[in-house]
Amino acid sequence: ACKNKHSACLEYSSELNTFSVERLQTLSELKDIVSSNQLSLYFQPKLCLASKEITNVECLARWIHPDRGFIPPDDFIPLAEQSGAIRQITQWAIETAICQHRDWYKQGMDLKMAVNISAIDLADPDFAKIVVGLLTKHHVEPHKLILEVTESAVMSDTEVALQTLNLLSKIGIGISIDDFGTGFSSMAQLKKLPVNELKIDKAFVLEMATSVDDQAMVKTLISLANNLGLHTVAEGVEDLAALNLLEEMGCTYAQGYFISRPMPPSDASKWLLQKTR
Ligand code: C2E
Ligand code: CA
Ligand code: CA
Ligand code: CA
């Protein structure tokens, strides 16, 4: 038993070592991640349930590492937030999304681009200026851009974050609250924020066809949003049953594998051209 305990302990510590070496390597690579050209932006359509048209697209970052292969955003975004590299990543994502919008616009498609931003971005007093600069540089109208901010990031409730959100919103940029329902925001806090849209977290949507509790939760969140005059997006729509329920409940947009997985630019172009014809 003692021997087992010992080897378990050794295994554990060597795992920790690997983890920290990898972590340090990742941190150093994140410093110039944008210029390394290893990042790529994938696109996942949002289906408008009233018109059955694709009007919006979410942009999701992918890191394709030459040795380690595909690194999911949940593995590097938190590290980038800690190291500050997230600012470069966010600017890259916004500029890439804006350029893709222009590209698709030239092909006859007018899509709103939703980009994920983090609490660190909102805390930067220059952030709104940077975003406006990018829109101006590429001649794209502000209302073509939606920024998705997690519920926990906006509820941190700092003065700068609120000012930044107000500025962005006044310019005409859409503000969407991501992962809604997983945080602890109050109605009072929500009312204070310049928000256009609530994104219902996939945790409530994935199994809504078979879970009465999840269904009740989604229904409540949609009616809350409707009463506040906000659009809703349900993410994690994986089956037709969920799609039908969401339509019945008055949800604005559905997003999920049932409609499409996030796609690299070339596949997204083909997919979108087919759908919008
Ligand atoms: P999120 O913003 O909540 O994005 C939704 C996640 O759910 C995405 O994972 C998406 O690929 C996945 N998803 C979409 N439809 C379905 C479905 O039907 N079923 C299931 N099971 N999953 C679905 P992804 O792309 O791995 O991104 C994970 C998280 O990483 C995102 O969560 C977001 O918080 C963050 N992230 C991704 N790209 C960026 C970025 O450019 N900047 C920042 N700050 N965060 C990003
Ligand atoms: Ca999102
Ligand atoms: Ca989510
Ligand atoms: Ca998330």
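Here, each number is a calculation from the coordinates, and none is a lab measurement. Source: prediction; values computed, not measured. In this analysis, Cβ positions are derived from the backbone assuming ideal geometry, glycine residues included, and neighbour counts consider all displayed protein chains.
Local charge sum around residue 50 (other residues, Cβ-Cβ under 15 Å, Lys/Arg +1, Asp/Glu -1)?
The answer is -2.
Return the lysines within reach of residue 275: Cα separation strictly under 28 angstrom, same-chain partners fewer than 8 residues apart disregarded; answer none if there are no such residues.
Candidates past the 8-residue exclusion: 46, 52, 106, 112, 144, 199, 202.
By how many degrees, 0 to 90 and rounded to 10, does the Cα axis of helix 265-276 deviate from the longest principal axis of the chain?
Value to nearest ten degrees: 20.
Relative contact order of the chain, please, whole-number percent, based on alpha carbon pairs below 8 angstrom and at least 6 residues apart.
Relative contact order for the chain comes out at 18 percent.
Given contacts defined as C-alpha pairs under 8 Å and at least six residues apart, what's the relative contact order of the range 67-137, whole-number percent?
35
Relative to the longest principal axis of the chain, what angle (0 to 90°, nearest 10) does the C-alpha long axis of helix 159-171 take?
Computed tilt is about 40 degrees.
Which angle between 0 and 90 degrees, to the nearest 10, do you get for helix 73-83 versus the longest principal axis of the chain when only C-alpha atoms count?
80
Need one number: % antiparallel among DSSP beta bridges in the chain, to the nearest 5.
40
Sticking with the crude label model, points 7 Å out along Cα→Cβ, report the distance from residue 32 to residue 158 in nm, one decimal please.
Each label point is offset 7 Å from its Cα along the Cβ direction, giving 2.8 nm.
Under 18 Å from a label point 7 Å along Cα→Cβ of residue 213: give me every residue in the range 164-187 with its amide N that close.
181-184
Please say if the range 210-275 is rounded, prolate or oblate, where rounded means a/c under 1.5 for a ≥ b ≥ c the square roots of the C-alpha gyration tensor eigenvalues, and otherwise the choice is prolate for a/b larger than b/c and oblate otherwise?
Prolate, because a/c is 1.5 or more and a/b exceeds b/c.
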